[in-house]
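Shown next, in structure tokens, is the structure this report addresses.
The values are calculated or read from the model by the stated rules, or taken from the named source; none is laboratory data. None of these values were measured; they are calculated from a predicted model. Backbone-built Cβ (ideal geometry, glycine too); neighbour counts: all protein chains shown.
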Amino acid sequence: MSIFDAGGHEQVVFCNDPESGLRAIIAIHSTALGPALGGTRFYPYASEDEALTDVLHLSEGMSYKNAIAGLDHGGGKAVIWGDPGIDKGEALLRAYGRFVEALGGRYVTACDVGTYVEDMDHVARETRHVSGRSPEAGGAGDSSILTAFGVFQAMRAAAQHRWGAVDLNGRTVGVAGLGKVGRHLLPHLIEAGADVVACDVDPAAIGWATANFPQVRLVDGADDLIAAGIHVYAPCALGGVLSERTLKALDAEIICGAANNQLAEPGVADELDRAGVLYCPDYVVNSGGVIQVADEYDGAFDFKRAERRTAGIFETTARILERAKGEGATPLAAANAMAEERMAAVGRLQRVRLFG
């Protein structure tokens, strides 16, 4: 793979520390809007090429996510190649933090799949350019709470666009995945009067839902979920779940969930549009988490301020859907255009030289 032809990335750094076992790749896609911001994924990739492909794709997506969220940050991402249950340790995380620090603030890291707030606390012992730390270490803590809140706001905007009212009362919402975000989404939906159907591959998550939300109807898997007569499909676990096969079985009128990279292929967005399914672009819907970590990094974290900013996902989603309708485009195309316009307009200001 040629990194020079893979999305126009500014910088890709390979990080190797044999003593701690660290093998990581940091990809900076764009700093047009400010320091690149994006999480660190710890995952047992099958190969180095798979890890590189993932980090390049994820970092490009962060440029669009941060732009559409109105943040003064560009897009970046990092992956650590290994099994977090076996390979993760203080020395490895601190070695990684030193590589982040060596970038001089061009990249700001945070949590992602396989990393948690306590891991960012270790990273922060070696670099200032980290967010998503624990409250005990002066950070904001778990970002999934605001991520779920943002998903709910986007879902309300989609309901208004499709049905003429933000009300989800009496609508059936299918939540695929009851992990970090899905479990925080449930109370928002139930309070709004929605009927909720959910699934998860983890028996512990199913047990948690049964104990805490007995009104939620649990099904065996995603195939059963999308065939359960739902109005809204909320993928909140793995990416790549929206494919032509999924579309054939899907009854939902709206797709609005927290999972990253939901489309198995870019062309699925067009297929959904032709089928009359309103797809809310995932990087717009799940931007509450990055809004929180940006608030933490850019100054003393204030939950209420971050919550107000996350509530803006409602208006952002509404504008995207209206633009798509007016231009006869897919919501994904409209969101991409809005993000690119902001990156170009604000990024142009870097050519205005400052003196003094």
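Do we have any residue at all in the stretch 211-225 that's within 22 Å of V55 (Cα to Cα) and either charged (D, E, K, R) or touching a residue at least 60 places away in the same chain (Cβ under 8 Å) (or both)?
No, because not a single residue in the stretch 211-225 is within 22 Å of V55 (Cα to Cα) and either charged (D, E, K, R) or touching a residue at least 60 places away in the same chain (Cβ under 8 Å) (or both).
Residues checked against (1) touching a strand residue (DSSP E or B) at 6+ places or on another chain (Cβ under 6 Å); (2) assigned by TED's automatic domain parsing to the domain that holds L168; (3) free of Cβ contacts under 8 Å to residues at least 40 places away in the same chain; (4) not in a helix (DSSP H, G or I):
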position	(1), (2), (3), (4)
A204	no, yes, yes, no
A228	yes, yes, no, yes
A234	yes, yes, no, yes
L238	no, yes, no, yes
T246	no, yes, yes, no
E265	no, yes, yes, yes
D270	no, yes, no, no
D273	no, yes, no, no
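What are the pairs with Cβ atoms under 8 angstrom where one residue, in the stretch 296-308, is in contact (Cβ under 8 Å) with a residue 12 or more places away in the chain and the other, located anywhere, is part of a loop (DSSP other than H, G, I, E, B) and of a type in the set (D, E)? Sequence gap at least six, or different chains.
D298/D72
Pick from A335, A300: which is surrounded by 21 or more Cβ atoms within 10 Å (Cβ to Cβ) and either outside any helix (DSSP H, G or I) or touching a Phe, Trp or Tyr at 6+ places or on another chain (Cβ under 8 Å) (or both)?
None of the others qualify; the one that does is A335.
For the subset of the stretch 345-356 comprising residues that are without any contact (Cβ under 8 Å) to a residue 40 or more places away in the chain and of a type in the set (G, A, S), which member is farthest from L146 (Cα to Cα)?
Checked the stretch 345-356; the qualifying residue farthest from L146 (Cα to Cα) is G356.
Residues checked against (1) in contact with a Pro (Cβ under 9 Å, 6 or more places away or on another chain); (2) under 30 Å from A102 (Cα atoms); (3) crowded, with 24+ Cβ neighbours inside 10 Å; (4) of a type in the set (S, T, N, Q):
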position	(1), (2), (3), (4)
H129	yes, yes, no, no
G138	no, yes, no, no
I145	no, no, no, no
F152	no, no, yes, no
G164	no, no, no, no
A176	yes, no, yes, no
K180	no, no, no, no
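Answer yes or no: is there a residue in the stretch 142-154 that is more than 20 Å from the chain's Cα centre (by Cα) and either modelled with pLDDT of 95 or more or more than 16 Å from G38 (Cβ to Cβ) (or both).
no
If I filter the stretch 202-219 for residues that are surrounded by fewer than 17 Cβ atoms within 10 Å (Cβ to Cβ), modelled with pLDDT under 95 and under 22 Å from the mean Cα position of the chain (by Cα), do I get at least one hit?
Yes, the conditions are met somewhere in the stretch 202-219.
Scan the stretch 191-219 for residues that are more than 17 Å from T172 (Cα to Cα) and not hydrophobic (A, V, I, L, M, F, W, C) and jot them down.
D200, D202, P203, G207, T210, N212
How about the stretch 21-79: which of its residues are surrounded by fewer than 24 Cβ atoms within 10 Å (Cβ to Cβ), of a type in the set (G, A, S) and under 16 Å from D112 (Cα atoms)?
Result: A51, G61.
Any idea which of G312, G356, G328 is surrounded by fewer than 18 Cβ atoms within 10 Å (Cβ to Cβ), at pLDDT 95 or above and on the phi > 0 side of the Ramachandran plot?
So the residue among G312, G356, G328 that is surrounded by fewer than 18 Cβ atoms within 10 Å (Cβ to Cβ), at pLDDT 95 or above and on the phi > 0 side of the Ramachandran plot is G328.
For the stretch 309-332, give me the residue count where each residue is touching a residue at least 60 places away in the same chain (Cβ under 8 Å) and not in a helix (DSSP H, G or I).
2
Say we look at the stretch 340-353 and pick out the residues that are in a helix (DSSP H, G or I) and among the basic types (K, R); which of these is modelled with the highest pLDDT?
Looking at the filtered set, the residue picked out is R342.
So A294 fits all but one of (1) surrounded by fewer than 16 Cβ atoms within 10 Å (Cβ to Cβ); (2) under 20 Å from the mean Cα position of the chain (by Cα); what number is the exception?
Only one criterion in (1) surrounded by fewer than 16 Cβ atoms within 10 Å (Cβ to Cβ); (2) under 20 Å from the mean Cα position of the chain (by Cα) is unmet by A294, namely (1).
Those residues that are out of contact with any Cys (no Cβ under 8 Å at 6 or more places or on another chain) and either under 20 Å from A148 (Cα atoms) or of a type in the set (F, W, Y) (or both), I need them from the stretch 227-241; list them, please.
I230, H231, P235, C236, A237, L238, G239, G240, V241
Select from the stretch 153-173 the residues that are part of a helix (DSSP H, G or I), touching a helix residue (DSSP H, G or I) at 6+ places or on another chain (Cβ under 7 Å) and farther than 15 Å from P331 by Cβ and list them in ascending order.
Residues satisfying the conditions are Q153, R156.
Being at pLDDT 95 or above and in contact with a His (Cβ under 9 Å, 6 or more places away or on another chain): is that true of A46 here?
Spelling it out, it is not the case that A46 is at pLDDT 95 or above and in contact with a His (Cβ under 9 Å, 6 or more places away or on another chain).
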